[in-house]
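Peer 1: Quick one: structure below, then a few questions.
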Amino acid sequence: MSDKPKVAFYWCASCGGCEETVIDLDEKILDVVAAVDIVFWPCAMDMKYSDLKAMDDGEITVSFINGAVRTSEQEHIAKLLRRKSATVIAFGSCAVMGGIPALANLKNKKDIFERAYLDSPTNVNPGGVVPQEESEVDGYKLTLPEFFDTVYKLDDVIDVDYYMPGCPPTPENLANAVQSALEGFLPAKGSVLLPDKSLCVSCDRNESKPDDITISQVYRLTEVQADPEKCFLAQGIICMGPATRDGCDYPCIKGNMPCTGCFGPVSEADQGARMIASIGGIINAEKEGDIADVVNNIPDPAGTFYRYSLSSSILGNQRKEK
Amino acid sequence: MNNFEPKIVAFVCNWCSYAGADKAGEQKLDYPANVKLIRVMCTGRVDPQFVMRAFRVGADGVMILGCHPGDCHYRNGNMKTLRRFRLFEKMLEQFGINRQRFFLDWVAAGEGKKFQEVTTEMTERVRNLGPLEIKGFVEREVG
Ligand code: SF4
Ligand code: SF4
Ligand code: FES
C-alpha cells in the first residue's frame, strides 16, 4: 500500500447525486486519484464492509459521507467509518440536514408503511405483507435493517468534523474541499466549508429589488411568466434565496428557476423560520381575509421552506431517545 | 378541570402590551402565573425562530401580544407580525402541533382587562390540550 492519504466515499439515504458530483470532477478526478488512494466507495468500486472492518482505526484520512440516516445499516456503517477515519465530512444536504428524505419526518414509520405497502391504490397486497426485520423462508432466517421512525442527519449519529451542504454540492465545492484537506487548510472543526452569507448577496438579480419589496399574491411558476431579469420574490414567486446559504453560484436563478433552498440555512438559522420572516414581511395585505388569500396560495409551507433541512429544523429534528 | 399547569411564553411589545400587563397589575387584576412575559421592543422583533425555540425547549403554548393595527410605534411591525404568524400557524399544524397553542392578539396600554382575559383564556385552552411533547418524529396531535 502507498503512503498516499486514504479517502472513502459512502452513501446513506440519498439519491446518488452526491456521487455524481465526484464523477463531475471530470478530468480533475485524475488529479484526485493521483493524490489519494480511494479505499472505500461502494457506489463505484467493488468493496466489502469486511474490507472496511479490517482497516486500522483512524487509517482513512477523510471520509465523505452523503445521505441521511434512515436505517440501522446506515447508522452502523457511519459509525464504522467514523472509527476508521481521521476526518469525516458530511457531504451533501441529506447528510448535513436530512435533505429530501427528511421530508418523511412530517410522517412516521407507521404512516409510511401503511401508505407504501397497504393503502397506495397501485398496490396489490392481499396478504397485507409489510417488510419485517426478521422473517423465515424455507427454513432460512432472513434479516433486513431496521427502518427508523425518524430520518436523522449524520451528526445525530456520529461526530462530524466538517459540513458541505448542497443538493448536490458542486464539483467546485468538492474540489476546493479536497484541495484544502490535502494542503491542511481546513478551518475549525464543525465548520461549514462554504460562505456564511445568504444567496441573495451573490445573486445577480439582487440589484433589481426595489428597496421595499411588496407582493400582493404568491404565484406558482406555472401561473406566471417569470421575468428573467427581476428578483423572483419581487415577482411574487417564492425564492428561498434570503434563507439559503451562498456557495452554489446560483445555477437555478441563471436558468430562470427560483432557488428551492438546497444549500440550507446560514449558521444558527432555521431555514423555515427565516423564510416565514422574509415572506411575511413583504406581503402587502392588511385585512385578515387578504392575508389568508396569500397564505392559501402556499399549500405546503413546511415542505417548501424545509425541502432540504427538516432534520435540522427546530421543531422537527430532536433526536429520538434510543 | 384537569390540574395540568401549562407553561406559556408571551412575547409582549414594550409600548402597548407590556404596558397593558402593567395596567392589569395596577388595577389588581390577576392573570395566570403560567404565562411568562418576554418583553420585546416591538412584535416585529419576534422572529418565528423565537417561537419555535420556545416550543422546542418546553413551552406548551406561545403568545404574541402587540399594539393594535395603526398603533405600532414602529409603524407596521405588528402588521408584519400578523402576516408572518398567519403563515406560521399553518405550518405549525404540519409539524403536528395544534395551532391553538399559538395565539396572536393586540392589547393596548390601557387594556389591563383585555390582558387578563386573553392570558386566562389561553391558559385554559392550552390546559385542555395537555402538555406538548416534541419528539424526534412528529407525533401528531392534529389529524
Ligand atoms: S430572492 Fe432569489 S432572485 Fe431575488 S435576489 Fe434572492 S436569490 Fe436572487
Ligand atoms: S440556487 Fe438554490 S436550489 Fe439552486 S443550487 Fe443554489 S442553493 Fe440549490
Ligand atoms: S411597537 Fe407594539 S407592536 Fe410594534
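Peer 1: Tell me the label-point distance for the pair B:GLU93, A:ALA34, using the 7 Å Cα-to-Cβ offset, in nm and rounded to one decimal.
Peer 2: Between B:GLU93 and A:ALA34, the simple spin-label model gives 6.1 nm.
Peer 1: Given the Cα-Cα distance of A:GLU133 and A:ASP212 and 0.36 nm per residue of separation, how much length would full extension add, in nm?
Peer 2: Extending this stretch completely gives an extra 22.8 nm.
Peer 1: Also: Just to confirm a number: summing +1 for Lys and Arg and -1 for Asp and Glu over residues other than B:ASP47 whose beta-carbon lies under 13 angstrom from that of B:ASP47, what do you get?
Peer 2: +3
Peer 1: I'd like the antiparallel share, as a percent to the nearest 5, of DSSP beta bridges with both residues in the protein assembly as shown.
Peer 2: Antiparallel: roughly 20 percent of the beta bridges in the protein assembly as shown.
Peer 1: From other protein chains only, count the Cβ atoms within 10 Å of every residue's Cβ in A:246-256, then give the mean.
Peer 2: 0
Peer 1: May I pose another question? Check each of the trypsin sites (Lys or Arg not before Pro) in region A:138-201 and keep only those in coil by DSSP with at most 16 other C-beta atoms within 10 angstrom; list them in order.
Peer 2: Sites meeting the loop and neighbour criteria: A:LYS189, A:LYS197.
Peer 1: Hey, another quick one. If each residue of separation counts as 0.36 nm, what is the full-extension length gain between A:ALA54 and A:ASN297 once their alpha-carbon separation is subtracted?
Peer 2: Roughly 82.0 nm would be gained on extension.
Peer 1: Cut-off 13 Å, label point 7 angstrom out along Cα-to-Cβ of A:ASP159: give me the residues of region A:177-208 whose amide nitrogen falls inside.
Peer 2: The answer is A:189-190, whose backbone nitrogens lie closer than 13 Å to the label point.
Peer 1: Related question: Are there trypsin sites (Lys or Arg not before Pro) in region B:20-60 that DSSP puts in a loop and that have at most 15 other Cβ atoms within 10 Å, and which ones?
Peer 2: B:LYS28
Peer 1: Looking at chain A as a GNM with Cα springs under 10 Å, which of A:ASN105, A:ASN66, A:ASN123 has the largest mean-square fluctuation?
Peer 2: Checking each option, the largest mean-square fluctuation is seen for A:ASN123.
Peer 1: Still on this structure, I have one more. Could you compute the longest span of chain B free of GluC sites (Glu not before Pro) located in DSSP loops and having at most 16 other Cβ atoms within 10 Å, not counting the site residues?
Peer 2: That would be B:1-132.
Peer 1: Quick check: pseudo-label points 7 Å beyond the Cα along Cα→Cβ at B:ARG39 and A:GLU20, how many nm apart are they?
Peer 2: Going from the B:ARG39 label point to the A:GLU20 one covers 5.5 nm.
Peer 1: Please report, largest first and rounded to whole Å, the three semi-axes of the ellipsoid equivalent to region A:199-312, where each semi-axis is the square root of five times an eigenvalue of the C-alpha gyration tensor.
Peer 2: Equivalent ellipsoid of region A:199-312: 21, 18, 13 Å, largest first.
Peer 1: Please compute one quarter of the surface area of the Cα convex hull for the protein assembly as shown and express it in square nanometres.
Peer 2: 27.9 nm²
Peer 1: Which translational diffusion coefficient, to the nearest whole µm²/s, is obtained for chain B from the Stokes-Einstein equation, given a Kirkwood hydrodynamic radius over C-alpha pairs, 37 °C and 0.692 mPa s?
Peer 2: In µm²/s, the coefficient is 216.
Peer 1: How much length would be gained if the chain were fully extended between A:TYR117 and A:LYS141, taking 0.36 nm per residue of separation minus their Cα-Cα distance, in nm to one decimal?
Peer 2: 6.4 nm
Peer 1: Is it possible to state the helix-based mean residue ellipticity at 222 nm for the protein assembly as shown, with each DSSP H run of 4+ residues giving -39500 (n - 2.57), the sum divided by total residues, to the nearest 500 deg cm²/dmol? What is it?
Peer 2: Roughly -9000 deg cm²/dmol at 222 nm, from the helical runs in the protein assembly as shown.
Peer 1: Within chain A, which is the longest segment containing none of the GluC sites (Glu not before Pro) that sit in a DSSP loop and have at most 12 other Cβ atoms within 10 Å?
Peer 2: A:28-132
Peer 1: Quickly work out the A:ASP227-to-B:LYS28 label distance, labels modelled 7 Å from Cα along the C-beta direction, and quote it in nm with one decimal.
Peer 2: It works out to 6.3 nm between the two label points.
Peer 1: Given a Förster distance of 22 Å, report the FRET efficiency between B:VAL57 and B:GLU121 from their Cβ-Cβ distance, rounded to the nearest 0.05.
Peer 2: 0.40
Peer 1: Do the alpha carbons of any pairs in A:LYS48/A:LYS197; A:LYS48/A:LYS254; A:LYS48/A:LYS109 sit beyond 32 Å of each other, and which pairs?
Peer 2: A:LYS48/A:LYS197; A:LYS48/A:LYS254
Peer 1: Tally Lys/Arg at +1 and Asp/Glu at -1 over every other residue whose Cβ is under 13 Å from the Cβ of A:VAL33; what's the total?
Peer 2: Summing Lys/Arg as +1 and Asp/Glu as -1 gives -1.
Values in this text are rule-based calculations from the coordinates and carry no lab data. A quick note: this is a predicted structure, and the numbers were derived from the prediction, not measured. Every residue, glycine among them, receives a Cβ derived from its backbone with ideal geometry; neighbour counts consider all protein chains shown.
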